[in-house]
Amino acid sequence: MYKRESMPVRNGGSMSQKRLVVVGGNAAGLAAASQARRRNPDLSILVLEQSPFISFSACGFPYFLSGDIPDFNSLFIRSPEFFRRERKIEVLTRHRVVSLDPSAHLVTAHDQEKGEERTFDYERLILATGARALSGDFLKGSLPGIFAIRRAENALALVGFLLARKPSRALVVGGSLLGLEMAEGLRKRGMEVTLAERSTRLLPEFSEPFGEEVKKEMMRRGIQITFSSAVSSFTGEPESSLREAVLEDGRRLPCDLVVLALGVAPDADLAQKAGIALGVGEVVATDRFLRTSASHIYAAGDCAALNNLVSGRETYFPRGTSANRSGRAAGEAAAGGEADFPGVARTMAARFFDLTVARTGLDEKEARDFTSSLKVTDSRSRSRAGYFPGSEPVFTRVLFDGKSGLLLGAEMMGREGIATRINTYAAALSARMTVDDLSRLDLAYSPPLSPLWDPVLQSSGLAALEK
Ligand SMILES: Cc1cc2nc3c(=O)[nH]c(=O)nc-3n(C[C@H](O)[C@H](O)[C@H](O)COP(=O)(O)OP(=O)(O)OC[C@H]3O[C@@H](n4cnc5c(N)ncnc54)[C@H](O)[C@@H]3O)c2cc1C
């Protein structure tokens with residue numbers, strides 16, 4: 001028999017208040033709980049988090065490794081006490097939700113401290129369970145020094161290993177954004193770093209020229225990169241030391257630290273067991289209010305399928321931006337708000353040493369599925385007036401519909417002013433602008449900040465001419 005509990009209400013309301021339960025205490029879950037509080041000051045809000053940690057910025061972790069961020073603790077943004085005191089949100093850590101009963105509106109968590117199960121009733125529930133790092137079977141053995149970074153626990157374990165063992169040769173497996181950021185962090189820490197990628201290029205999130213430039217930048221900074229290199233196993237002394245990675249073709253790469261960056265999979269087990277519908281790729285399916293197939297249950301963040309605001313199709317975009325935005329929208333909806341979630345343009349930016357790459361909208365494959373008249377225009381411009389010292393080249397690729405001129409996506413690369421400029425493209429996608437509209441925007445100009453014709457105006461103007 002379960003013990004059905006009512007949480008103490010700390011905002012002066014009565015025990016009969018409606019309760020919102022949020023499962024998962026990181027980006028999406030805490031954004032959801034906070035927005036629900038803003039929307040409804042009287043709601044009772046409970047966040048259940050399985051780990052001892054909440055509000056951890058994994059995004060900052062590569063920059064702690066690199067030394068840019070000196071204090072590891074600064075990556076923990078808010079504490080449970082903050083939420084209790086400032087937002088009147090109850091946060092229970094070490095509470096792993098083990099089951100969900102949508103018809104009875106009950107959620108059961110295992111309290112790891114007391115070793116007992118606790119069942120809570122809810123009026124509305126938000127699933128914000130995130131995603132887990134894929135690791136193949138590589139973490140199952142007893143060799144030390146192999147890590148897959150996703151959550152605070154993983155980051156702490158890696159930091160502990162670095163301090164205790166002082167490894168000098170790191171192998172990063174996987175050449176995606178995350179793998180590259182981790183490789184840079186470890187290199188800046190003074191380690192010999194090799195990156196092994198099973199395909200023939202880096203950065204699958206971007207088109208080929210972008211991966212190629214990033215490769216040159218990484219290699220120039222002393223990172224070894226090996227392509228067509230699928231890791232099949234590791235050797236070493238169990239519990240004692242790691243020696244090398246063995247590749248499928250028999251080659252061996254010496255290493256005493258491994259970071260796996262093999263991608264992520266949504267943490268949707270709880271939803272699946274509760275009979276909630278999953279979409280493509282086992283992601284929790286949602287509608288435009290982030291509602292799942294179960295009534296009164298919402299999903300947000302890395303566990304949820306989101307709407308691609310350009311194509312209108314379901315997409316999976318496990319990023320901090322979309323987790324916070326969708327979390328906020330789910331909190332708004334669950335607390336009685338009426339605003340829907342417009343979706344994601346899959347906007348992202350990353351800096352590798354001095355080179356920044358950024359993208360938004362559809363990639364070329366998606367754009368070809370979307371329209372039979374896709375046009376792709378490349379252009380080269382400058383970050384400042386050409387005569388101004390420090391002016392850097394900017395490369396832009398624009399994807400648009402050749403018949404209507406509708407903007408479908410953009411990618412940019414350079415050493416200055418890239419991340420801010422891609423945001424203009426992201427705004428244009430939200431506003432469903434054509435490349436002509438974009439080329440006629442009134443953007444700022446000052447020689448140290450931009451050429452007279454900003455790279456956004458120049459690239460979209462060129463695209464408009466090619467229509
Ligand atoms: C190294 C690294 C760098 C990154 N850099 C960037 C970046 O620069 N920009 C960007 O946009 N994104 C970045 N990301 C991605 C970003 O961190 C994630 O997309 C974001 O944290 C997702 O938030 P979430 O709340 O959906 O999921 P998570 O952060 O995974 O949180 C889910 C929470 O739910 C808890 N949980 C799961 N199951 C249960 C259960 N059954 N019961 C109770 N609790 C449960 C988990 O313990 C976890 O705390 C990076 C990620 C990593 C790892």
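The values are calculated or read from the model by the stated rules, or taken from the named source; none is laboratory data. Computed from a predicted model, the values in this text were never measured in an experiment. Because the Cβ atoms are built from the backbone with ideal geometry, glycine has one as well, and the counts that use them run over all protein chains shown. These accessible areas exclude ligands, DNA and RNA; they are computed on the full protein's heavy atoms, side chains included. Shrake-Rupley method; radii C 1.70, N 1.55, O 1.52, S 1.80 Å.
Whether a residue is outside any loop (DSSP other than H, G, I, E, B) and open to solvent by 20 Å² or more (accessible area, probe 1.4 Å) was assessed, and residue 369 passes this test.
Quick test for you: out of 353, 400, pick the one residue that is in contact with a Lys or Arg (Cβ under 8 Å, 6 or more places away or on another chain) and more than 30 Å from residue 130 (Cβ to Cβ). That would be 400, the only listed residue that is in contact with a Lys or Arg (Cβ under 8 Å, 6 or more places away or on another chain) and more than 30 Å from residue 130 (Cβ to Cβ). Given the condition open to solvent by 40 Å² or more (accessible area, probe 1.4 Å), of a type in the set (Lys, Arg) and either in contact with a Cys (Cβ under 7 Å, 6 or more places away or on another chain) or not in a strand (DSSP E or B) (or both), answer yes or no: does some residue in the range 89-102 qualify? Looking for residues that are open to solvent by 40 Å² or more (accessible area, probe 1.4 Å), of a type in the set (Lys, Arg) and either in contact with a Cys (Cβ under 7 Å, 6 or more places away or on another chain) or not in a strand (DSSP E or B) (or both), one finds at least one in the range 89-102, hence yes. If you take the residues of the range 59-74 that are part of a helix (DSSP H, G or I) and surrounded by fewer than 19 Cβ atoms within 10 Å (Cβ to Cβ), which of them is nearest to the ligand (Cβ to nearest atom)? My answer is 59. Could you go through the range 142-156 and let me know if any residue there is touching a residue at least 12 places away in the same chain (Cβ under 8 Å), farther than 30 Å from residue 333 by Cβ, near the ligand (Cβ under 10 Å from one of its atoms) and open to solvent by 20 Å² or more (accessible area, probe 1.4 Å). There is at least one residue in the range 142-156 that is touching a residue at least 12 places away in the same chain (Cβ under 8 Å), farther than 30 Å from residue 333 by Cβ, near the ligand (Cβ under 10 Å from one of its atoms) and open to solvent by 20 Å² or more (accessible area, probe 1.4 Å).
Suppose we filter the range 38-57 for residues that are within 8 Å of the ligand (Cβ to nearest atom) and open to solvent by less than 40 Å² (accessible area, probe 1.4 Å); how many remain? Within the range 38-57, residues that are within 8 Å of the ligand (Cβ to nearest atom) and open to solvent by less than 40 Å² (accessible area, probe 1.4 Å) number 6.
Per-residue answers, yes or no, for (1) among the polar types (S, T, N, Q); (2) within 11 Å of residue 330 (Cβ to Cβ); (3) without any contact (Cβ under 8 Å) to a residue 24 or more places away in the chain:
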{"position": "271", "(1), (2), (3)": "no, no, no"}
{"position": "274", "(1), (2), (3)": "no, no, no"}
{"position": "282", "(1), (2), (3)": "no, no, yes"}
{"position": "298", "(1), (2), (3)": "no, yes, no"}
{"position": "309", "(1), (2), (3)": "no, no, no"}
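Taking the condition closer than 17 Å to residue 134 by Cβ and not acidic (Asp, Glu), does residue 214 pass? No: the conditions fail for residue 214. Selection within the range 312-336: residues that are open to solvent by 30 Å² or more (accessible area, probe 1.4 Å) and more than 12 Å from the ligand (Cβ to nearest atom). The member of this set that is nearest to residue 22 (Cα to Cα) is 336. When the test is whether a residue is in contact with a Lys or Arg (Cβ under 8 Å, 6 or more places away or on another chain) and within 12 Å of the ligand (Cβ to nearest atom), residue 347 passes it. For the range 181-213, a tally of residues being over 22 Å from residue 148 (Cβ atoms) and in contact with a strand residue (DSSP E or B) (Cβ under 8 Å, 6 or more places away or on another chain) returns 5.
Can you tell which of 18, 88 is more than 12 Å from the ligand (Cβ to nearest atom) and either modelled with pLDDT of 95 or more or of a type in the set (Phe, Trp, Tyr) (or both)? That would be 88, the only listed residue that is more than 12 Å from the ligand (Cβ to nearest atom) and either modelled with pLDDT of 95 or more or of a type in the set (Phe, Trp, Tyr) (or both). Given the conditions (1) open to solvent by 40 Å² or more (accessible area, probe 1.4 Å); (2) touching a residue at least 60 places away in the same chain (Cβ under 8 Å); (3) within 14 Å of the ligand (Cβ to nearest atom), which single one is not true for residue 131? With (1) open to solvent by 40 Å² or more (accessible area, probe 1.4 Å); (2) touching a residue at least 60 places away in the same chain (Cβ under 8 Å); (3) within 14 Å of the ligand (Cβ to nearest atom) applied to residue 131, the lone miss is (1). Figure legend. Inter-residue proximity from the range 70-90: first residues within 24 Å of residue 59 (Cα to Cα), second residues among the acidic types (Asp, Glu), beta-carbon distance below 6 Å, spacing 6+ or different chains. No pairs are indicated. Identify the residue in the range 258-296 that is touching a Phe, Trp or Tyr at 6+ places or on another chain (Cβ under 8 Å) and assigned to a strand (DSSP E or B) and, among all such residues, is surrounded by the most Cβ atoms within 10 Å (Cβ to Cβ). Only one residue tops the list, namely 259.
What about residue 258, is it of a type in the set (Val, Ile, Thr) and within 19 Å of the chain's Cα centre (by Cα)? Judged against the criteria, residue 258 is not a match. I want to confirm something. Restricting to the range 337-359 and keeping residues that are surrounded by 24 or more Cβ atoms within 10 Å (Cβ to Cβ) and not hydrophobic (A, V, I, L, M, F, W, C), which single residue is nearest to residue 31 (Cα to Cα)? Looking at residues that are surrounded by 24 or more Cβ atoms within 10 Å (Cβ to Cβ) and not hydrophobic (A, V, I, L, M, F, W, C), I get 346. The set of residues from the range 113-128 being surrounded by fewer than 17 Cβ atoms within 10 Å (Cβ to Cβ) and within 12 Å of the ligand (Cβ to nearest atom) is empty.
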